[in-house]
Amino acid sequence: MTKRKGKDMEKWMKCYVGTNSLRGSKGIYTLEINTQNGEMREVSTVEADDSAYLYVSEKRKCLYAVMESLEYKGVPGGGVAAYRIEDNKLSFLNSRYAYGRWPCHVIADEEKDSLLVSVFRNGLLVVYGINQDGSIGEERRVEHHQEPNGRMSHIHASMPTPDGKYIAVADCGLDYIYLYDAKTYQKVFEWKAPEDSGPRQLRFSPDGKYLYMVSELSCQIFVFEYQPDCKDMLRNVQVISTRREDGYDRENYTSALQMHPSGRYLLAGNRGHNSIVVYEVDKETGLLMLKGHTMLAGDFCREFCFVPDGSMLIVGIQHTDVVQTFFFDENKGILKWSGQEIVIPSPSCVIMGDSAK
């Protein structure tokens, strides 16, 4: 948190915005967010190529960013970079080749000091070590998924399971969710999604009992019981649409998937319909109940994140080149625009600087 005096100290928090290198983007933006009124201000930037997805490690005090590109230092493929967090500035530590084109997701397994990078174009899961200073170490594993019947693998996200035993992987191209052993990196389970559904993002419930997957193409949320000691390790218990039945029949693709810090709500983004859908979560069963949709004054909501107490949502609207803030009423499960926005070219990821959630 920024060091300020008096009451002002409690209302400003850091947020990082990753961007695609379009329309004059400077790279990764550090913002301050006023959590009382939603005001935002830019405090610094660091040059970065196509920083399309970010992860903040509280353990290492570092930020990691994928380089979602087709070329890395003259070689076909993208990369991943590490930055030291120092007050309001990011300082570059190092970068690594991602072995394939368009790496689109990065997350750390903090317990194992490893970094998981999902590579979309080539269907790769790349696992790197993390050095003591937070820089990215050598790769430990590069896993390439098969391409049966001419279909291409497109890994869109990976995530350590809450018990630390496995890595869950969403394959948007082959329509699978995979579980890999977190130590040996051997595949131990796979779940076949409906054809052309497009698994995109994953989130676990705070108690670790349920896994949620949003499908990019079919615009649905799939709810699973996570049963690590059973043969059926992921048991699908619900499928629910992200669409609003208001007559909209044009193209729509889902985007972000975020759990409210309380675990009481799950939110998903719609690109095309340009809305955020809110579901209430039954903590006993993991099942979702639709609360409603919030229409956005902009085009193509790529990512969003909650402030740590869940009172506000920060939303990047990619094609409109703005970041907006929304108040969230936890009692009613309702979003309301604060009226505040800041111009940032092609915002593709937003993440809090004071929390890794």
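The values are calculated or read from the model by the stated rules, or taken from the named source; none is laboratory data. Keep in mind that this is a model prediction, so the values were computed, not measured. Please note: Cβ atoms are built from the backbone with ideal geometry, for glycine as well, and neighbour counts cover all protein chains shown. Quick note on the areas: whole protein, heavy atoms, side chains included, nothing else; ligands and nucleic acids left out. Shrake-Rupley method; radii C 1.70, N 1.55, O 1.52, S 1.80 Å.
Taken over the chain, the percentage of Cα pairs per 10 Å bin, counting from 0 up to the bin with the maximum distance, is 6, 26, 37, 26, 6, 0, 0. Given a Förster distance of 45 Å, report the FRET efficiency between K59 and D196 from their Cβ-Cβ distance, rounded to the nearest 0.05. E between K59 and D196, to the nearest 0.05, is 0.70. Per residue, the solvent-accessible area of the chain (1.4 Å probe, heavy atoms of protein chains only, all protein chains present) comes to 42 Å². Multiplying the residue separation of D163 and R141 by 0.36 nm and removing their Cα-Cα distance gives an extension gain of 5.8 nm. Cross-link partners for K209 among the lysines, with Cα-Cα distance under 16 Å and sequence neighbours closer than 8 places in the same chain left out: K165, K231, K283.
Ellipsoid fit via the Cα gyration tensor, region 285-324: semi-axes of 22, 14, 9 Å, each the root of five times an eigenvalue, largest first. So, counting K/R as plus one and D/E as minus one, what does the shell of residues with Cβ under 11 Å around R264 add up to? Counting the neighbours of R264, the net charge comes to -1.
Principal axis extents of the Cα atoms in region 56-186, from largest to smallest and rounded to whole angstrom, are 50, 38, 22.
If you take the square roots of the eigenvalues of the alpha-carbon gyration tensor of region 201-241 and sort them as a ≥ b ≥ c, do you get rounded (a/c under 1.5), prolate (a/b over b/c) or oblate? Prolate shape, in that a/c is at least 1.5 and a/b is the bigger ratio.
For region 176-246, the orientation-averaged shadow of the C-alpha convex hull comes to 5.6 nm² (one quarter of the hull surface). Rounded, prolate or oblate for region 62-133? Axes are the square roots of the Cα gyration tensor eigenvalues, ordered a ≥ b ≥ c, and the cut-off for rounded is a/c under 1.5. Oblate, because a/c is 1.5 or more while a/b does not exceed b/c. When all C-alpha to C-alpha distances in region 214-301 are sorted into bins of 5 Å, what percent of pairs does each bin hold, rounded to whole numbers? Computed distribution, short to long bins: 3, 14, 23, 24, 16, 10, 6, 3, 1, 0. Given axes a ≥ b ≥ c from the Cα gyration tensor, I'd like to know whether region 261-310 is rounded (a/c under 1.5), prolate (a/b larger than b/c) or oblate. It comes out oblate by the Cα gyration axes. Net charge of the neighbourhood of M40, taken over other residues with C-beta under 9 Å away and scored Lys/Arg +1, Asp/Glu -1, is -3. Inter-label distance, V239 to D87: 5.4 nm, where each label sits 7 Å from its Cα along the C-beta direction. Using a Gaussian network model on the chain with a 10 Å cutoff between Cα atoms, which of P194, P308, P160 fluctuates the most? For the chain, modelled as a Gaussian network with Cα springs under 10 Å, the answer is P194. Rolling a 1.4 Å probe over the protein heavy atoms of the chain, with every protein chain left in place, gives an accessible area that is 46 percent carbon and sulfur. In percent, rounded to a whole number, the relative contact order of the chain is 12, using alpha-carbon pairs under 8 Å and six or more apart. Put simply, when 275-284, 224-233 are sorted by average Cβ atoms within 10 angstrom per residue, most first, you get 275-284, 224-233.
Restricting the calculation to Cα atoms, region 272-354 yields a radius of gyration followed by a Dmax of 13.2, 42 Å. On the basis of the beta-carbon distance and an R0 of 35 Å, D329 and V75 show a calculated FRET efficiency of 0.10.
Normalised by residue number, the volume inside the convex hull of the Cα atoms of region 129-264 is 152 Å³ per residue.
Surface listing: F222, F327, F204 arranged by accessible area from highest to lowest gives F327, F204, F222, probe 1.4 Å.
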